[in-house]
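Undergrad: Quick one: structure below, then a few questions.
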Amino acid sequence: MDKFTKLTSSAIPLAIENIDTDQIIPARFLKATDKEGFGENLFRDWRFNKDGSINTEFPLNDKTYSGSILVAGDNFGCGSSREHAAWAVQGYGIKVVVSSFFADIFKGNALNNGVLPIQVSPAFLEELFAEIKKDPTTLIEVDLGNQKITILSADSSEDFDISDYKKTCLINGYDDIDFLVSNKDDIEAFEGSRA
Amino acid sequence: MKKTLFDKVWDAHVVKEMKNKLQILYIDKHLIHEVTSPQAFNELEQRGIPVFRPEQIVATADHNTPTTDQHLPVKDEMSRKQLEQLNKNCAKNNITLYDLGHKYNGIAHVMAPELGITQPGMTMVCGDSHTSTHGAFGSIAFGIGTSQVAQVFASQCLLLEKPKSLRITVNGTLKPGVLPKDVILYIIAKLGTNSGTGYFCEYAGTVFEEMSMEGRMTVCNMSIEMGARGGMIAPDETTFDYIKGREFAPQGEEFDKKTAYWKTLPTDEGAVFDQEYHFKAEDIEPMITFGTNPGMGIKIHENIPAEDNASFEKSLAYMDFKKGQSLVDQKINYVFIGSCTNGRIEDFRAAANYIKGKTKADHVTAWLVPGSQQVAKQIEDEGLKDIFEQAGFQLRQPGCSACLAMNDDKIPEGEYCVSTSNRNFEGRQGQGARTILASPLVAAATAINGKIIDITKQAV
Ligand code: SF4
């Protein structure tokens, strides 16, 4: 997993609520047996028109927007447990997703893949959308160490929550497998106590 | 201290408490399938870590499997490869696999309960969000991502923060024609799709106490649709009777011993939940959805509400519906009865009961897809197959099928499908397909009439 500490980038706005994992990566792309290539099909059915041509109105295809931060409407990532959704987001080059609310499983999956989900207040989310609309190149700074997200042009910032453990994992690029395996003695003792 | 059902099961599985609120939680049973496991097996192999407790894992092929000609090689190359990969991975790691064609093959959440693998008081996980289904037995069961599948492979544990607790109580008597699916669609429509996020939900009250195990599974299945990781219902005589005698259920004295323990699990009188909701059974009617998330549901004879917000309007535009419109008399060309929500024998009985002696409307394509081989066999043994075939329905072979349309069972673009599955997301049943969620009874009635009818006006 890649390490994450600090990021300054412009952002891609996606002002839609309840974006579910079937939109993030449609089921027909789940047939792969490795983690590569999902980025190409991120939001597949929104990025392309029915005839296969590019939907230029969709923010990801709109050249005015760029960057590795995705700003999305409330309740992002609801639906399926498919980690392919996190692989698609990460594979596309997104490092941070900002929303006013995240579905549980997506949030966990993102963190397990080095993508930082940042939950902000609805007011701050509105401000983000407004600033990006005003100036698509507006820079947003994400400081994981200080748990702070800042809209640099507006000099407006908000603190965000993250568990200390997950923060350490992101900063160091660790994951839970290493940690769990290192506790094997306790796990075996637990099994023994139940037998 | 007074404890909830959830507390009792959770606390009994904590291996270790860490600082910062994290706990190592022990997992009793791990179900896996072809779509969310291959990358987890790769991960372990790359790190040189063996599968820790293969005997606690059960595998099935369900998401990607065809529902016709299952005896032939799978035509789609990518699907076939994924299924072969599962086969190899299971063989290599000594994991039991109910592969395509096996008499126990089926959707994970239909197969495990009917084999007695699912039991009260257990912790269960699967790389699938509808693992919540198993909570119907009073177990803690929830969906996990593929990284977590790898963690459970490696350690039989997960590192988690204990979720908050929520209880939804529904008392009273359900009206005729109101099925468990309507109960959960009603609850989600009332509470919204993210009301349960961060919570584990217990369903309590007379409605659930009087419900069959199949009905309880339908309800718990859709807990994730309001954002909750899982749903639970206290085990009782209905639960014990269901489990008794099943293939992997405890037998003889062991069963009695287990039952005595299971009886201690229900929530203590006076235990406190972080959040509670109450509903009255009499207020619930047969439900349908009109939008692109499961919370966008109405009583079948109600009109679509008028909400002024862009996401709501985007959703209606996708469905090609208007604010204030009624869905009664809406012409429908596709009907799907199946999935881990409503692919159990009771669902097919409910459908058959309505269909018997009738024929489907000519323009309707009606697919019936049993949740498992065992359900398929029951459909045949109970004579339901004849009823369905005489009525012009297509009875297919078991699998997830049109619930997520990974195989060939896709609803064509722009078409409406009244479906007993659990998600009406854009494109869920095929690119451009428009899904209307409903109970097996409403789905059956739609197929017969060729349009949505107000089922409350018929004696059912
Ligand atoms: S039937 Fe549908 S919801 Fe259930 S496991 Fe299969 S794809 Fe998932």
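The values are calculated or read from the model by the stated rules, or taken from the named source; none is laboratory data. Small disclaimer: the values here were computed from a predicted structure and weren't measured. So basically every Cβ, Gly included, is an ideal-geometry build from the backbone, and we count neighbours across all protein chains shown. Please note that ligands, DNA and RNA were not included when accessible areas were found on the heavy atoms of the full protein model with its side chains. Shrake-Rupley method; radii C 1.70, N 1.55, O 1.52, S 1.80 Å.
Undergrad: Over all distinct alpha-carbon pairs, what is the Kirkwood Rh of chain B in angstrom? Numbers along the way, then the final one.
TA: Working: mean 1/r = 0.0448 Å⁻¹.
Hydrodynamic radius (Kirkwood, Cα only) of chain B equals 22.3 Å.
Undergrad: Over region B:394-460, average the accessible area per residue using a 1.4 Å probe and give it in Å², no decimals.
TA: Details: 1730 Å² over 67 residues.
Per residue, region B:394-460 has 26 Å² of solvent-accessible surface.
Undergrad: So, in Å, what gap is there between the alpha-carbon centers of region B:127-205 and region B:222-289?
TA: Between the Cα centres of region B:127-205 and region B:222-289 lies a distance of 11 Å.
Undergrad: Tabulate in residue order the Karplus-calculated ³J(HN,Hα) for region B:279-291, using 6.51 cos²θ - 1.76 cosθ + 1.60 with θ = phi - 60°, rounded to whole Hz; enter x for Gly and Pro.
TA: Karplus-based 3J(HN,Hα) across region B:279-291 equals 10, 9, 4, 5, 7, 8, 10, x, 10, 9, 9, 10, x Hz.
Undergrad: Next up: Can you list residues whose amide H is under 5 Å from B:V58's amide H, if they're 5+ apart or on another chain and H is modeled 1.01 Å from N?
TA: Under 5 Å from the amide H of B:V58 lie the amide H atoms of B:H30, B:L31, B:I32, each far enough along the sequence or on another chain.
Undergrad: Taking amide hydrogens as modeled 1.01 Å from N in the peptide plane, which residues meet the under 5 Å criterion relative to A:S153, leaving out close sequence neighbours?
TA: When sequence neighbours closer than 5 places are left aside, the close amide H contacts are A:L139.
Undergrad: Return the Rg/Rh value of chain A, two decimal places, where both radii are evaluated on C-alpha atoms and Rh is the Kirkwood radius. Write down the numbers at each step before the final one.
TA: Numbers: Rg = 18.1 Å, Rh = 17.7 Å.
Using Cα coordinates only, the ratio equals 1.02.
Undergrad: Here is a follow-up. Let me know the charge dipole size of region A:89-165 about its Cα centre in debye, to the nearest 20, where only the beta-carbon of Lys, Arg (+1) and Asp, Glu (-1) is charged.
TA: Numbers: 5 positive and 12 negative charges, 67 e Å.
I would put it at about 320 debye.
Undergrad: Right, something else. As a test of the formula, what do you get for chain B when each DSSP H run with n ≥ 4 contributes -39,500 (n - 2.57) and the sum is divided by the residue count, at 222 nm and rounded to the nearest 500 deg cm²/dmol? All intermediate terms of the calculation are to be shown ahead of the outcome.
TA: On the way: 16 runs with 144 residues, N = 460.
Calculated mean residue ellipticity at 222 nm is -9000 deg cm²/dmol.
Undergrad: Which ³J(HN,Hα) values in Hz, rounded to whole numbers, follow from the phi angles of region B:138-145 under the Karplus curve 6.51 cos²θ - 1.76 cosθ + 1.60, where θ = phi - 60° and Gly and Pro get x?
TA: These are the phi-based 3J(HN,Hα) values: x, 10, 8, 9, 8, x, 9, x Hz.
Undergrad: Next question. Average partner chain C-beta neighbours within 10 Å, per residue of B:77-84?
TA: Values: counts 1, 6, 1, 1, 3, 4, 1, 1.
Across the residues of B:77-84, the mean count of other-chain Cβ atoms within 10 Å is 2.
Undergrad: Which value, in debye to the nearest 20, gives the size of the charge dipole of chain B about its Cα centre, when Lys and Arg are +1 and Asp and Glu are -1 at the Cβ?
TA: For this selection, approximately 460 debye.
Undergrad: Output the peptides B:195-203, B:164-172, B:240-248 sorted from most to least packed, where packing is the average of other Cβ atoms within 10 Å over each peptide's residues. Please list the in-between numbers first.
TA: Values: B:195-203: 25.3, B:164-172: 20.6, B:240-248: 15.2.
So the peptides B:195-203, B:164-172, B:240-248, ranked by packing, come out B:195-203, B:164-172, B:240-248.
Undergrad: If packing is taken as the average count of other Cβ atoms within 10 Å, what order do A:155-166, A:45-56 fall into, highest mean first?
TA: Working: A:155-166: 14.5, A:45-56: 12.5.
Averaged packing, sorted descending, gives the order A:155-166, A:45-56.
Undergrad: Need one number for region A:72-185: average projected area of the convex hull over its C-alpha atoms, nm².
TA: Values: hull surface 31.3 nm².
It is 7.8 nm².
Undergrad: Here is the link list: B:K8/B:K103; B:K258/B:K385; B:K181/B:K377. Which ones come out longer than 29 Å on Cα distance? Can you show the working numbers first?
TA: Values: B:K8/B:K103 35 Å; B:K258/B:K385 37 Å; B:K181/B:K377 23 Å.
Beyond 29 Å: B:K8/B:K103; B:K258/B:K385.
Undergrad: If you don't mind, another one. What's the magnitude of the charge dipole for the protein assembly as shown around its Cα centre, counting Lys and Arg as +1 and Asp and Glu as -1 at the beta-carbon? Answer in Debye, nearest 20.
TA: The dipole magnitude comes to about 580 debye.
Undergrad: On to the next question. Taking K and R as +1 and D and E as -1, what net charge do the other residues with C-beta under 12 Å from the C-beta of B:A376 add up to? Kindly include the intermediate steps, with their values, before the conclusion.
TA: On the way: positive: B:K103, B:R344, B:K377, B:K385, B:R396; negative: B:E114, B:E380, B:D381, B:E382.
Within the 12 Å Cβ shell, the charges total +1.
Undergrad: Connecting C-alpha atoms closer than 10 Å in a GNM of chain A, tell me which of A:I24, A:I105, A:I69 has the biggest fluctuation.
TA: Answer for the Gaussian network model of chain A: A:I105.
Undergrad: Using the alpha-carbon centroid of each, what span in Å lies between region A:18-89 and region A:123-195?
TA: Here the two parts' Cα centres lie 21 Å apart.
Undergrad: Sticking with this one: When the gyration tensor of the protein assembly as shown is built from Cα positions, what are the square roots of 5 times its three eigenvalues, in whole Å, from largest to smallest?
TA: Each semi-axis is the square root of five times an eigenvalue, giving 35, 31, 24 Å.
Undergrad: Taking each residue in B:44-54, count the Cβ atoms of any other chain within 10 Å of its Cβ, then average. What number comes out? Walk me through the numbers on the way to the answer.
TA: Values: counts 1, 0, 0, 3, 0, 3, 0, 0, 5, 2, 0.
Partner Cβ neighbours, averaged per residue: 1.
Undergrad: What distance in nm separates the two pseudo spin-label positions at A:K148 and A:E188, each 7 Å out from Cα along the beta-carbon direction?
TA: The answer from the label model is 4.8 nm.
Undergrad: Provide the convex hull volume over Cα atoms per residue for region B:189-314, in Å³. Mind showing how you got there, number by number?
TA: Details: hull volume 18.2 nm³, N = 126.
It comes to 145 Å³ per residue, whole-number rounded.
Undergrad: If you plug each phi of region B:347-355 into the Karplus form 6.51 cos²θ - 1.76 cosθ + 1.60 with θ = phi - 60°, what whole-Hz ³J(HN,Hα) values come out, in order, with x for Gly and Pro?
TA: My calculation for region B:347-355 gives 5, 6, 5, 4, 5, 4, 4, 7, 6 Hz in order.
Undergrad: Rank B:Q70, B:N422, B:N342 by how far each Cα sits towards the positive end of the charge dipole of the protein assembly as shown (+1 on Lys, Arg Cβ; -1 on Asp, Glu Cβ) and give me just the farthest.
TA: Value: B:Q70.
Undergrad: Moving on to the next point. How would you order A:131-137, B:209-215, B:423-429 from highest to lowest mean count of nearby Cβ atoms within 10 Å? Spell out each step's value before the answer.
TA: Numbers: A:131-137: 15.6, B:209-215: 18.6, B:423-429: 26.9.
Peptide ranking by packing, descending: B:423-429, B:209-215, A:131-137.
Undergrad: Hey, another quick one. Measuring with a 1.4 Å probe in the full set of protein chains, what accessible area per residue, in whole Å², belongs to chain A? Mind dumping the intermediate values first?
TA: Values: 8110 Å² over 195 residues.
Per-residue value: 42 Å².
Undergrad: On to the next question. Averaged across the residues of B:418-428, what count of C-beta atoms belonging to other chains lies within 10 Å of each residue's C-beta?
TA: Working: counts 0, 0, 0, 0, 1, 6, 1, 11, 7, 8, 7.
For this peptide, the per-residue mean of nearby foreign Cβ atoms is 4.
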